[in-house]
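The values are calculated or read from the model by the stated rules, or taken from the named source; none is laboratory data. This one's a predicted model, so the numbers in the text were calculated from it and none came from an experiment. Cβ coordinates were reconstructed from backbone atoms using ideal geometry, including for glycine residues, and neighbour counts include every protein chain displayed.
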Amino acid sequence: MQLWEQQQDESHQAFEAFRKYLDLGVDRSTAKVAQALSKSKTLMDRWSSNWNWSERVSAYSAHLNSVADKAREKETAKQARKIISPNEVLEELTEIAECDWHDFVEVKYGREGEVINANLRLSDKLKALELAGKHHKLFTEKVETTTPESTSDMRSNYLQKCLELDMTPDHAKELADRAFAVFEEVQPESDAIS
């Protein structure tokens, strides 16, 4: 049994008076309870003393604070789960870059085993990552990708962004190397698909 609940042997009237006292908030007093319930202040003072109203109010306040803290922690954890970090964006981009493009082809077959339709679905995930990356201000520069020099600039910018995210230089270089090795390898294929 919690202190703010009706206690064993506490009369219904005494508990009702305590609840009124509790509900009055920071301006609570036995005089206000007596007035609200049309009872004597002497009786309220006696019930307050006999049933430890001050201690019970403190226990209830601590309980409410605990409930509020747990709710805030739960909400913070929920929000944290929703947010993809800049590092996670870069790691997912790298994983996508390393995947074989066949992993993103959706093929529908007919009854005879013939291909009815084939869709390349990579664009949906890349668009989501691009938006998340823009949110984290990872992709703020426009980079031309038509010349070999621009690929080098793009790799350098990517590496710089990794370093700005407090990655170790080795981890940043490894991500950049893996991403751009695959990028350079598939660049002609992606041009052909477009």
Practice item. Identify all residues within the stretch 45-91 that are in a loop (DSSP other than H, G, I, E, B) and either at pLDDT below 90 or among the charged types (D, E, K, R) (or both); write none if there are none. Key: ILE83, ILE84, SER85
Review point. Within the stretch 32-39, is even one residue hydroxyl-bearing (Ser, Thr, Tyr) and either in the same structural domain as LEU138 (by TED's automatic domain parsing) or surrounded by 10 or more Cβ atoms within 10 Å (Cβ to Cβ) (or both)?
Key: no
